[in-house]
Amino acid sequence: MKINKIKEMSSPDLEKELGELKTELFKLRFSLATNGLENPMKIKAVKKDIARIKTVLREREMKIEN
């Protein structure tokens, strides 16, 4: 997911997307541990997306506080 797309989303949408990504990460880790994963780099991509969303949410939180 691109950072520009993330910044355009509203905060509730970002929270929802964050929950979905965390669920996806859990499923990817589970499938990696049980039967192998076709593309292990998918885990890295999902983790980066989670970090991007958390960063944008934190930036918005800091902007509101100031």
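The values are calculated or read from the model by the stated rules, or taken from the named source; none is laboratory data. Please read all numbers here as calculations on a predicted model, not as lab measurements. Because the Cβ atoms are built from the backbone with ideal geometry, glycine has one as well, and the counts that use them run over all protein chains shown. SASA here: full protein model, heavy atoms, side chains in, ligands and nucleic acids out. Shrake-Rupley method; radii C 1.70, N 1.55, O 1.52, S 1.80 Å.
With θ taken as phi - 60° and the Karplus curve 6.51 cos²θ - 1.76 cosθ + 1.60 applied, the whole-hertz 3J(HN,Hα) list for segment 42-57 is 4, 4, 4, 5, 5, 4, 5, 5, 4, 5, 4, 5, 4, 5, 5, 4 Hz, x standing for glycine and proline. With the highest mean first, a sort of the peptides 3-13, 24-34, 44-54 on other beta-carbon atoms found within 10 angstrom per residue produces 44-54, 24-34, 3-13.
Summing Cβ point charges (Lys, Arg +1; Asp, Glu -1) relative to the Cα centre of the chain gives a dipole of roughly 260 debye. Residues in the chain average 78 Å² of solvent-accessible surface per residue, probe 1.4 Å, ligands and nucleic acids excluded. Per DSSP H run of n ≥ 4, the term is -39500 (n - 2.57); total these for the chain, divide by its residue number, and report the mean residue ellipticity at 222 nm rounded to 500 deg cm²/dmol. Rounded to the nearest 500, it is -28500 deg cm²/dmol. Once Rg and the Kirkwood radius are both taken over the C-alpha atoms of the chain, their ratio Rg/Rh works out to 1.08. Solvent-accessible area of the chain (1.4 angstrom probe, protein heavy atoms only): carbon and sulfur portion equals 54 percent.
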